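Down below is the structure, laid out as structure tokens.
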Amino acid sequence: MDTLSPSGRSERMARVRNRDSKPEMLVRRIVHAMGFRYRLYDRRRPGTPDLAFSARRKAIFVHGCFWHRHPDPNCRLARMPKS
């Protein structure tokens, strides 16, 4: 059972960032500093990658701890939500 009202849940989910998150911005800065150029969120590519290198036929997906639940027991972000 959800503990929030539908409007409260909508407001909370609207705060979840799917673009320009801190980990993604860090990866973008590093890749750009290395001299690579890329396209952001290229919808022509399968899965809409965060960074797409068309000429190299490569893509980078930056996933956070919350959504992908990596097995690190010390990470406080990789946990099941209470509601």
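The values are calculated or read from the model by the stated rules, or taken from the named source; none is laboratory data. Fair warning: this is a prediction, and the values are worked out from it, not measured in the lab. Cβ sites come from the backbone with ideal geometry, for glycine too, and all protein chains shown count toward neighbours.
See the values below:
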item	result
Filter result for the condition that a residue is in contact (Cβ under 8 Å) with a residue 12 or more places away in the chain and either touching a Cys at 6+ places or on another chain (Cβ under 9 Å) or among the small types (G, A, S) (or both), over A33, A59	A59
Wholly enclosed helices (runs of 4 or more DSSP H) of the chain bearing at least 1 residues under 11 Å from the mean Cα position of the chain (by Cα) and surrounded by 10 or more Cβ atoms within 10 Å (Cβ to Cβ)	22-33, 65-68
Sole residue being modelled with pLDDT of 90 or more and over 26 Å from R9 (Cβ atoms), chosen from G35, G47	G35
